[in-house]
């Protein structure tokens, strides 16, 4: 498989993470209702989010922020036939950083560790955009 096609696999893995976080949020919300922390109708407009699901809900929101720039650059690499194995490796590093970031977010929620993981992923996406810019500037 060439890098131009393989660039979709990190995108698929990132999307799988989003699905997993949705599932975890649902499970934690159901658990909060069963534990009596909230009533089911409290989630109509969730002004009150119990702690067990609040961090998961915030983690889910995070998956629609920086990863959007990741998806776009991966698609652009494919469209322009510019994906390289270097870009593919950086894409995988980004996805791994997002998995670890999400794990920390929904477990210990250690802020400084989360920040370092976020910054690592951020710089991966910046590197992908720089590689893409070089690709289109010097075809």
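What follows is calculated from the coordinates using simple rules that are stated; it is not laboratory data. Worth saying up front: this structure is predicted, and the values here are computed from it rather than measured. All Cβ positions, even for glycine, are placed from backbone atoms using ideal geometry, and neighbour counts span all protein chains on display.
Take the residues in segment 40-55 that are outside any loop (DSSP other than H, G, I, E, B) and more than 14 Å from residue 105 (Cβ to Cβ), then tell me which one is nearest to the chain's Cα centre (by Cα).
Let us first name the residues in segment 40-55 that are outside any loop (DSSP other than H, G, I, E, B), namely 40-43, 51-55.
Checking which are more than 14 Å from residue 105 (Cβ to Cβ) leaves us with 40-43.
Details: 40: 27, 41: 29, 42: 27, 43: 24 Å.
Out of the qualifying residues, it is 43.
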If a residue has to be surrounded by fewer than 20 Cβ atoms within 10 Å (Cβ to Cβ), in contact (Cβ under 8 Å) with a residue 24 or more places away in the chain and not in a helix (DSSP H, G or I) to count, how many in segment 71-129 make the cut?
5
I'd like the full set of residues that are over 25 Å from residue 121 (Cβ atoms) and exposed (fewer than 11 other Cβ atoms within 10 Å of the Cβ), limited to segment 1-34.
34
Failed condition for residue 37, given (1) surrounded by 14 or more Cβ atoms within 10 Å (Cβ to Cβ); (2) outside any helix (DSSP H, G or I); (3) touching a residue at least 40 places away in the same chain (Cβ under 8 Å), with all others met?
(3)
